[in-house]
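Below: the structure, in structure tokens.
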Amino acid sequence: MAEAEPLHEELKDYLKANPEILTSDPDLLAALGLKAVPPNVVEFGPVALSRVSAAHRKETSERRKLEAVARANFAAQAQTHAAVVDLLEARNHSDLARRVDEVARLRFGLAAGVLALEGPGRVPAGWRPLVEGQVDLILGPRKLALMGHTPTALGLFGDAAAEVNSCALVRLAIWEPAREGVIAFGSADAKAFTADMGSDLVAFLARVVERTAERWPVI
């Protein structure tokens with residue numbers, strides 16, 4: 001070992017003093033896995049490859065996020081269409097309220113789904129009774145929908161209120177002259193419904209509920 005080390009150092013020194021032995025022999029360089037680069041050329045290969053690889057990883061990550069959002073939107077739309085069929089099969093007002101709750105729990109994995117109606121006048125069985133003007137107190141005057149954590153709406157959910165950390169609320173107007181009401185979906189997940197979310201799908205269900213409820217008078 002003691003003799004090999006001086007020989008190794010001598011060989012290194014010799015090659016440093018005579019680099020043309022390597023640089024002038026492409027076959028030898030290739031065998032060693034090396035490449036000769038002229039002294040006036042900056043080698044960008046590894047840096048460029050690194051940047052391309054990083055860009056590819058970012059693009060792949062963003063594409064996967066978009067694909068996940070698209071799949072979630074498609075699933076939500078499919079469940080909404082199935083929910084519409086469920087609601088249209090209601091036999092009366094109380095059955096409609098029951099189906100709204102079942103749609104919320106079984107199709108969307110929520111804590112509860114509720115129908116509520118302002119007085120005066122009779123409120124159908126299974127619907128939450130509200131005093132006149134209470135829809136405005138819950139949603140805000142003339143506001144059609146509200147998404148997110150809404151303490152003013154927790155009373156709508158009765159025994160399930162303790163489970164609800166976010167809500168989707170849409171105003172209802174049923175019969176002629178119209179009686180104000182609200183359809184409310186509550187989730188245990190605080191991020192299930194947030195203020196920056198669109199309410200289109202929930203509003204669509206609300207319109208289905210309105211048209212379905214108008215099949216029967218409140219008696």
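Could you please let me know if R107 is touching an Asp or Glu at 6+ places or on another chain (Cβ under 8 Å) and at pLDDT 95 or above? Steps first, please.
On the way: touching an Asp or Glu at 6+ places or on another chain (Cβ under 8 Å): yes; at pLDDT 95 or above: no.
When the stated conditions are applied, R107 does not pass them.
Taking segment 172-219 as the region of interest, how many residues are among the aromatic types (F, W, Y) and either over 26 Å from G109 (Cβ atoms) or assigned to a strand (DSSP E or B) (or both)? I'd like the intermediate steps shown before the answer.
So the first thing to find is which residues in segment 172-219 are among the aromatic types (F, W, Y), and the list is 175, 185, 193, 204, 216.
Checking which are either over 26 Å from G109 (Cβ atoms) or assigned to a strand (DSSP E or B) (or both) leaves us with 175, 185, 216.
Count: 3.
Can you tell me which residue in segment 189-219 is farthest from A78 (Cα to Cα), limited to those that are of a type in the set (F, W, Y) and surrounded by fewer than 20 Cβ atoms within 10 Å (Cβ to Cβ)? First the steps, then the outcome.
At the first step, the residues of segment 189-219 found to be of a type in the set (F, W, Y) are 193, 204, 216.
Still in the list and also surrounded by fewer than 20 Cβ atoms within 10 Å (Cβ to Cβ): 204, 216.
Working: F204: 13, W216: 28 Å.
In this case the residue turns out to be W216.
Quickly run through segment 172-205 and pick out the residues that are farther than 12 Å from M147 by Cα and either polar (S, T, N, Q) or free of Cβ contacts under 8 Å to residues at least 60 places away in the same chain (or both).
L172, A173, I174, W175, E176, P177, A178, D189
Please enumerate the residues belonging to segment 149-171 that are in a loop (DSSP other than H, G, I, E, B) and in contact (Cβ under 8 Å) with a residue 24 or more places away in the chain.
If the condition is that a residue be in a loop (DSSP other than H, G, I, E, B) and in contact (Cβ under 8 Å) with a residue 24 or more places away in the chain, then H149, V164, N165 are the ones that fit.
Given the condition more than 21 Å from S199 (Cβ to Cβ) and either of a type in the set (K, R) or under 23 Å from the mean Cα position of the chain (by Cα) (or both), answer yes or no: does some residue in segment 121-140 qualify?
Looking for residues that are more than 21 Å from S199 (Cβ to Cβ) and either of a type in the set (K, R) or under 23 Å from the mean Cα position of the chain (by Cα) (or both), one finds at least one in segment 121-140, hence yes.
The values are calculated or read from the model by the stated rules, or taken from the named source; none is laboratory data. Please read these numbers as outputs of a predicted model, since none were measured by experiment. Positions of Cβ are generated from backbone atoms using ideal geometry, with glycine treated the same way; all protein chains shown enter the neighbour counts.
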